[in-house]
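The structure appears right after this line, and notes come after that.
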Amino acid sequence: MGPAPEAEPEFHPYHHPAAGWGAAKSVTRFLLRERELVDGPRAIMKMNHENTGFDCPGCAWPDDTKGLKLDICENGIKHVTWEMTRKRVDRKFFAEHTVSELSRWSDFALEDQGRLTEPMRYDLESDHYVPISWKDAFAMVGRALRELDDPNQASFYTSGRLGNEATFLYQLMARELGTNNLPDCSNMCHEASGRALQASLGTGKGTVDLKDWEATDALFIMGVNVASNAPRMLTALAEAHHRGAQIVHINPLVEAAATRTIVPHDIMDMALFKTTRTSTLNVQPRIGGDMALMRGMAKAVLEQSRTDPKALDQEFIDRHTWGFEKYRDVCEATPWEEIELQSGVGRGDILKMARVYRDADRSIVSWCLGVTQHEHGVDTVREIVNLLLLRGNLGREGAGPSPVRGHSNVQGNRTCGIDHRPHPEFLDRLAEVCKIDPPREHGLDTIGTIQAMDRGDVKVFIGMGGNFALAAPDTPYTYEALGNCELTVQVSTKLNRSHIVHGRQALILPCLGRTEKDQQRGGLQSTSVEDSMSMVHLSVGMKRPASPHLLSEPAIVAGMARAALPDSDTPWESYIEDYDRIRDTMAQALDGFEDFNRRVRLPLGFRIKQPARELVFLTPSGAAEFSSAPLPDVVPAAGTLALGTMRSHDQWNTTIYSDNDRYRGIKNLRTLVFMNADDMRERGIEEFDPVDITSTAKDGSKRHLNGYLAIPYDIPRGCAAGYMPEMNILCALVDYSTQSDQPIMKHVKVTIGPAA
Ligand SMILES: Nc1nc2c(c(=O)[nH]1)N[C@H]1C(S)=C(S)[C@@H](COP(=O)(O)OP(=O)(O)OC[C@H]3O[C@@H](n4cnc5c(=O)[nH]c(N)nc54)[C@H](O)[C@@H]3O)O[C@H]1N2
Ligand SMILES: Nc1nc2c(c(=O)[nH]1)N[C@H]1C(S)=C(S)[C@@H](COP(=O)(O)OP(=O)(O)OC[C@H]3O[C@@H](n4cnc5c(=O)[nH]c(N)nc54)[C@H](O)[C@@H]3O)O[C@H]1N2
Ligand SMILES: [Mo]
């Protein structure tokens, strides 16, 4: 069973709570499809248990600290089951299908073939992938890397699934070779958050943890589809509501979590259909309107402070911040009319939000891609911090910024060195500890890598996980760029588009999944990951590997490194025998990883110290810095719409589980566009009418998606939304943020009309 394109698309607005029995039913269907009814539940009970199980390979929401041991969600279950499927892609499969034939298969069909089982090499003559030994595969990578004129002709991509130990070895290999070309999925995800928090607070991460969530008086949840993409947050929201905390959702769409939920793991709630509210206020800004909204709240708080001195935390501002006067002036100089126009929210509602903020002793602002994937994502996150600083919502319990990271270890990747713009101090220490001479010039990120492949400046592309071909913007352009490489190497668990769209030579290197036992000479190994709230803990696989020929990700990195760096003094082989040895080196090389091997084995692991949390700001001024950026103009030009690309409930990034999007009431349809009913009427479009979508890029070039079906939806006028990765066809490569270099995936300028 798979998505059934022949099934009639359906749309019935959804009125049920998030999670609960709908989720349970969907999970059962999924387990049945993957024939995992026996093993699935057993593995799931092991997931996220303190140091005895594996970390959920899904999202980066932290584990339940109270040891409920049932901290699981529908999408986590799907995710684990997807990895544990019994289906296999073996050499027989590749012998039966040419790559040209596979290129006509759907992405769903490719991944649905199951787990990869042995290394494969693309054979140009027969147009087939053919088996290759690990030894020969590594030799091929080594040769290609050694033959480059310049190490910067290679680029090393990371998807945020990779554990810390493999991550550390991977960046070490790249830097020992001599390049900082380390693009990763966070270049498309939270780059803006990292840059903004770094500039404002001197740390690239949020400062709060789950305990703060449990203590806060007001939560502002911005631009995240909680019920689908961070479902374990539902528990925190329900608990907060129970305590009487205020919960304000800020999203052009009223998502399922913005109403009520059945706490996903509370069996009593499930049995009694007891719903808990997860919101006290919903605000629907226009796409890109968040910065104006934050500015409006700040303006209201400042206005109030004239008569109510407690509206501001003046003592905090004086002692810990920099740039307040200028920011106050900018807020005062921004007229309400502009704030209303740019945010798309009326002054009355903004004042209501400001009152919630003013009345709360402790506030947390949490956000995800709805805030970051914009031209002005950095300014918006900085405006969030500005607002928090006004009332001293930092460095104390229950208060602070809390970005929701995506992939389960995307935050750990950056901590452990995946950074195309590394700090000089990081490199100094790496040089000293690992006795290498790392390059100092900045490397390429995701967009830069695609451009360089297209020019022929990057000739070898290595993908540690992920699905670069589909995840990146401008699909046809990215395909061409990958095709232009001398060698593409994909380290993967399942077959995907990035294997089919390949360089002149290509390798598929299949690896263990996080659920699987990693047996090395020194015994059973574990790896570590870091969640959204900077907790680092161990993950131990417990399943028999999908195939005896799989290697672990650290072993694959080490294999490539030894072949590429024959004279290396790095003890690659010894590292792989026992990952404790990698951790011992990391303990010396990385800030906050002192005594790594002991602390990571503590029951819940350990938290990486956050200087900003202790009110230590590693900024030029030594204080938390207000920013005073002007409001951008985000109002779509006449006749155009701002289109946001997003995930459905039944997908994991480029992996599509089904064509349903339960909480948005959609069945059997992905080629859709959600629109405001008035915008549809104006264009003579009715529900389910086919429409043509045209995007216009910065450089004036146009891209098209035709025959998508229009769905009337509760979304502000001038806004539209649809699904990634399909809509990456509309995202031009040149449309990346000048502030973060992130592709602008939530604000694509489009026109939509009835299909020609
Ligand atoms: N099940 C599941 N879980 C996932 C993933 C998955 O694919 N499936 N992906 C993981 C990854 S890598 C990431 S990065 C996260 C992504 O998590 P999300 O950020 O939730 O991802 P999207 O689906 O892109 O949804 C973006 C949300 O932002 C809203 N939005 C769009 N434009 C704006 C705007 O201008 N302002 C505001 N305020 N909101 C806006 C949309 O309505 C939508 O609710 O989830 C992670 N978790
Ligand atoms: N238009 C648009 N585009 C987007 C986004 C958007 O909102 N809109 N979001 C962006 C974001 S936030 C992200 S994070 C990227 C996602 O970009 P990626 O991380 O590159 O993509 P995924 O779809 O998560 O990767 C799925 C593949 O990972 C491999 N895989 C799964 N598990 C493992 C494992 O344990 N090890 C290894 N080595 N491989 C594994 C499988 O082969 C699977 O096919 O997409 C970005 N693209
Ligand atoms: Mo992401």
Sites matching trypsin sites (Lys or Arg not before Pro) across region 360-428 that sit in DSSP coil, with at most 11 neighbouring C-beta atoms within 10 Å: none
Report relative contact order for region 515-614 in percent, whole number only (criteria: Cα-Cα under 8 Å, sequence separation at least 6). 30
Which percentage, to the nearest 5, of the DSSP beta bridges contained in the chain is antiparallel? 45
If one puts a single equal scatterer on every Cα of region 596-737 and applies the Debye formula without solvent, what log₁₀ I(q)/I(0) results at q = 0.18, 0.20, 0.21 Å⁻¹? -1.02, -1.19, -1.28
Per residue Cα convex hull volume for region 191-403, in cubic angstrom? 113
How high is the FRET efficiency from Asp361 to Asn597, r the C-beta distance, R0 45 Å, rounded to 0.05? 0.70
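Nearest 20 debye, what's the magnitude of the dipole of the chain about its Cα centre given +1 on Lys and Arg Cβ and -1 on Asp and Glu Cβ?
So the dipole magnitude of the chain works out to roughly 1500 debye.
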Order these peptides, 288-300, 516-528, 576-588, 246-258, by their mean beta-carbon neighbour count within 10 angstrom, highest first. 288-300, 246-258, 576-588, 516-528
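Nearest 500 deg cm²/dmol is fine: what mean residue ellipticity at 222 nm does the chain get from its DSSP H runs of n ≥ 4 alone, each adding -39,500 (n - 2.57), divided by its residue count?
After summing the helix terms and dividing by residue count, I get -10000 deg cm²/dmol.
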Neighbourhood net charge (13 Å Cβ-Cβ; Lys/Arg +1, Asp/Glu -1) for Asn187: -2
Counting other Cβ atoms within 10 Å, keep those with at most 16, restrict to DSSP loop, and tell me which GluC sites (Glu not before Pro) in region 396-481 are left. Glu397, Glu441
Overall dimensions of the chain by Cα: Rg and Dmax, Å: 24.8, 79
Determine, from the Cβ-Cβ distance of Arg681 and Asp633 and an R0 of 22 Å, the FRET efficiency 1/(1 + (r/R0)^6), rounded to the nearest 0.05. 0.25
Rounded to the nearest 20 debye, what is the charge dipole size of region 453-531 about its Cα centre when +1 sits on each Lys and Arg Cβ and -1 on each Asp and Glu Cβ? 320
Ranked packing of 176-188, 532-544, 153-165, most packed first, by mean Cβ within 10 Å: 153-165, 176-188, 532-544
Please work out the FRET efficiency for the pair Thr307 and Ser701, using the Cβ-Cβ distance as r and a Förster radius of 60 Å; give the result to the nearest 0.05. 0.70
Charges on Cβ only, +1 for Lys and Arg, -1 for Asp and Glu, centred on the Cα centroid of region 614-728; of Ala720, Pro620, Val634, which one is farthest towards the dipole's positive end? Ala720
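Taking N as the number of residues in region 598-681, what is its alpha-carbon radius of gyration divided by 2.2 N^0.38 Å?
1.91
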Hey, can you rank 622-631, 655-664, 460-469 by average C-beta count inside 10 Å, highest first? 460-469, 655-664, 622-631
Model label zone, Arg88; criterion: amide N under 15 Å from point 7 Å along Cα-to-beta-carbon; scope region 525-557: 544-551
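No value in this document is a laboratory result; all are computed from the given coordinates. Keep in mind that what you see is a predicted model, and the values were worked out from it rather than measured. Neighbour counts are summed over all protein chains in view; Cβ atoms, including those assigned to glycine, are modelled from backbone coordinates with ideal geometry.
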